[in-house]
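One structure is given here, and the rest of the page talks about it.
The values are calculated or read from the model by the stated rules, or taken from the named source; none is laboratory data. Nothing here was measured: the structure is a model prediction, and the numbers come from that model. Cβ sites come from the backbone with ideal geometry, for glycine too, and all protein chains shown count toward neighbours. Remember, those area values only see protein heavy atoms, side chains included, never the ligands or the DNA or RNA. Shrake-Rupley method; radii C 1.70, N 1.55, O 1.52, S 1.80 Å.
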Amino acid sequence: MGGGASSRKKPWQRSFHLTSNVEDDVGDAYIQVFPVWSIAITRNQRQLASATSDNRINLWCLVTHQLLIPLVGHADTIWKLAYSPDDLILASASSDGTVRLWEVASGLPVMTLPRNHANWVQTLAWAPDGSRFATGGSDARILIWDVAEAVDAAARLADVAAQAEDAGDYEAAYFQELQEEERQKAEAAKRPLVYWQAHEKSVLDMAFAPSEPRQLVSVGAEGTVAIWDSETGLLDSRLAGHIGAVNCCAISPINEELIATGGEDHTVRLWDLSDVDPGSVAAKSSREKPLGLNLAHFTLKGHQGGIAALKFCGDGKLLASTSKDCDVRIWIPDLKNPTLLAKFPAHEAWVRDLQWTSDQKYIYTAATDGMIYAWEVPRKHHASPWQLEKALKGPARYKVKE
């Protein structure tokens, strides 16, 4: 009998790529490479946004795999992108100290939030209902913004301004007064609702709990993990365990007490917040210690470089992590016995970000080689029809005014 090659596909195969790198005339090499710092994917899986080293945001169509439009406005590195849960707004955070909001359908700018961070804005996260989001920066502060009201107030101001242009001389005084009133309301709506000093060093990443919108987790360059009440800014608990900076964090979509963090110490760590209830002695002790409580947790080893990004898939059964070692690792985040499911080399350069699609058919990775790769997830890990329907239901909290 012959020993022909197996027709079975290897799991976690690369399917296609996206890039804004510039090819040479032959198409054999890239003569200009634009590292990708961050990516985000809409809940409906139709659009991907990438932030590149030329300070642009590229919007890609995931149906045709073509570039839709580049968004220009930031004057420095864009560290974080995030779509609102209803897929209407894209938010971007930058070293230029600003947070910008963009209309997803058109790519038009919605607004630039006032500079309330003292320096770089390094991360942002949307609340699960899309009404608010949090920003964190190198000033070690967290700010909470009322996005819904800010967008609505800006739309009302634009409406009044349009009416004022069409008004006659007789109504000019009235519209001028109304326009000034709406302008003041719009400026007030763009101010943060609450802010606080969150870490001793830069806030590097944040995540809202999908099922508990008041719960906000942040990680800092000083090496701690903090759990906050996002409405008041009060600290629930502060945890320690990583050696050096904690670069990223994620909260399980099916258990808000399960938190994953990735550190510069090459490790992924799993924390069970049920062990540190806000009213417990342990939580009180953690709040009193500047570097937090060294709570018992799982340490997942294997990466050979600092962890750059980690994400739970939609059903919470898998956790993906990526690192400066250019690899992606897929973990089973079981709090009784977490294990490594798979690993594969993803890029030839530092992988900066990764995202799951809602249907869990693909993982997208982005790296400093300027490439965005789509990796096929084995069928047995795809979202069930019920899970996909649930994932695609975004909140209809607010809409961008047409």
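Annotations
- Entry remark, the range 16-26: residues being open to solvent by 50 Å² or more (accessible area, probe 1.4 Å) and part of a strand (DSSP E or B) number 3 in total.
- Among the residues making up the range 241-295, a single one is in a loop (DSSP other than H, G, I, E, B), of a type in the set (Val, Ile, Thr) and in contact with a His (Cβ under 8 Å, 6 or more places away or on another chain): Thr267.
- Members of the range 334-351 that are buried (at least 23 other Cβ atoms within 10 Å of the Cβ) and of a type outside the set (A, V, I, L, M, F, W, C): none
- Strands (runs of 3 or more DSSP E) completely within the range 296-349 that count 1 or more residues being closer than 26 Å to Arg238 by Cβ and either touching a Cys at 6+ places or on another chain (Cβ under 9 Å) or of a type in the set (D, E, K, R) (or both): 307-312, 319-323
- When the range 274-309 is filtered for residues that are in contact with a strand residue (DSSP E or B) (Cβ under 8 Å, 6 or more places away or on another chain), open to solvent by 60 Å² or more (accessible area, probe 1.4 Å) and among the aliphatic types (A, V, I, L, M), only Leu291 remains.
- Looking only at the range 161-209, residues that are out of contact with any Gly (no Cβ under 9 Å at 6 or more places or on another chain) and not in a strand (DSSP E or B) come to 33 in all.
- Contacts under 9 angstrom Cβ, first residue in the range 218-232 being more than 18 Å from Glu288 (Cβ to Cβ), partner of a type in the set (Ser, Thr, Tyr) and open to solvent by 10 Å² or more (accessible area, probe 1.4 Å), 6 or more apart: Ala221/Ser138; Ala221/Ser202
- Among residues of the range 375-386 that are farther than 19 Å from Thr322 by Cα, those with a Cβ under 8 angstrom from a residue that is open to solvent by less than 100 Å² (accessible area, probe 1.4 Å) and part of a helix (DSSP H, G or I), sequence gap 6+ or separate chain, pair up as Ala383/Ala391.
- Just one residue in the set Ala198, Ala173, Ala207 is of a type in the set (A, V, I, L, M) and either open to solvent by 60 Å² or more (accessible area, probe 1.4 Å) or over 30 Å from Ile259 (Cβ atoms) (or both); that residue is Ala173.
- Residue match in the range 211-225 (condition: open to solvent by 20 Å² or more (accessible area, probe 1.4 Å), part of a strand (DSSP E or B), at pLDDT below 90 and of a type outside the set (D, E, K, R)): yes
- Residue selected from the range 27-53 under the condition small (Gly, Ala, Ser) and in a loop (DSSP other than H, G, I, E, B), by the criterion farthest from Val351 (Cα to Cα): Gly27
- Pairs with Cβ under 6 Å, 6+ apart, first in the range 155-170 and surrounded by 13 or more Cβ atoms within 10 Å (Cβ to Cβ) and charged (D, E, K, R), second in a helix (DSSP H, G or I) and modelled with pLDDT under 75: none
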